[in-house]
Amino acid sequence: MIIRGINAWITGISLLFLFAILSLTAHAAGQDAGAGKDVFAKRCTGCHAPDSEKEGPRLRGVLGRKAGTVPGFQYSDGLRNSGIVWNESLLDKWLENPQALVKDNNMEFHVANAGEREALIAYLKSLAK
Ligand code: HEC
């Protein structure tokens with residue numbers, strides 16, 4: 001009887017832990033996009049906006065988009081002919097060192113901090129088409 005009680009107790013505690021961890025993970029993902037929005041405002045909005053062209057092209061829906069294809073934007077030949085379709089790992093490389101990914105592109109900017117890149121990509125992902 002006592003043993004069964006302890007078992008139930010342990011199961012209950014494990015379930016609590018499981019829920020705590022699950023909700024923490026969900027929370028962390030949401031937070032990443034939130035943090036990414038702040039990093040975007042600080043580092044990217046000088047040249048980019050989600051829905052309009054500035055010095056750089058609009059970025060809403062960039063995940064899954066072929067590089068260099070926003071109509072009317074004057075891309076470098078390098079990026080337009082890169083054949084890249086943006087996914088998370090290519091965006092990470094691009095943000096870390098654009099020149100290493102695409103020779104002769106026009107984005108004179110990079111983000112050295114891996115955590116910031118991760119948050120930025122989560123934010124870009126949250127910008128639905
Ligand atoms: C100094 C201006 C500048 C800043 C700051 C800048 N970009 Fe760019 N970005 C550009 C330009 C210009 C291009 C087009 C490059 C080309 O044609 O080679 C570009 C292209 C891109 C592309 C490819 C888009 C496409 O349609 O293929 C992505 C993604 C991108 N930038 C993300 C970012 C993010 C995220 C930040 C902030 C960390 C950022 N950029 C900061 C100027 C900038």
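None of the figures in this text is laboratory data; all of them are computed from the coordinates on show. Quick caveat: nothing in here was measured; it's all calculated off a predicted structure. Here Cβ is always computed from backbone atoms with ideal geometry, including for glycine, and neighbour counts include all displayed protein chains.
Evaluate E = 1/(1 + (r/R0)^6) for D51 and H110, where r is the Cβ-Cβ distance and R0 equals 25 Å; express this FRET efficiency to the nearest 0.05. Using R0 = 25 Å, I get an efficiency of 0.55. Modelled spin-label separation between D92 and S76, with each label point placed 7 Å from Cα along the Cα-to-Cβ direction: 2.3 nm.
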